[in-house]
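Report on the following structure.
Computed from the coordinates by the stated procedures, all read-outs in this text should not be read as laboratory data. Just so we're clear, the structure is a prediction, and the values are computed from it rather than from any experiment.
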Amino acid sequence: MAGFKLVFKGLKAFNKALDTYGERTVPEAHLALQKKIAIDLFKKIIQKNPVGNPSLWAESSLPPPPGYVGGRSRGNWQISVQTPGNDTKETFDTAVVTGAPAGGLQIAEGFGNMARAKFGQTIWIYNNVRYIKRLEEGHSTQASAGMVAVSIAEIQAGLTD
């Protein structure tokens, strides 16, 4: 195998080449890693988010409210860049409602929203249903440890392995 040789005319040229490489490569690699972590976290949170099951409610003798559809909180996980949105979805991927693995449409939408992210920008994962904090605090027996903190811990553990 033939070798190759890089020749720089002095330390200044070498430093400039190194800076150029870093300016091009490091931001791209950082952004790719940031997006991968965000989408992995997004999937984990969605999967851990409980889907309402009236038979498990503390006051299970009460029927669900009229028009009740389980999965509203699970279907409202969203991704944005730079600022979190303030909307809630009223219709969402039916796979999410049934408790199936994270819905493909929801994940695709998250990818689409991240597509415009640039190096140094914040990627937000958010949910604006009014009871999401209670779910995260363990209000549901289906997710008594919550979903966000647990998912973040899993991602962090995977980064240190």
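For A32 and I155 in one chain, what is 0.36 nm times their gap in residues minus the Cα-Cα distance, to one decimal in nm? Write down the numbers at each step before the final one.
On the way: separation 123, 0.36 × 123 = 44.28 nm, distance 1.55 nm.
Full-extension gain reported as 42.7 nm.
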- Using Cα positions and a limit of under 28 Å, work out the lysines in reach of K36, with same-chain residues fewer than 8 apart set aside. K44, K48, K89, K118, K133
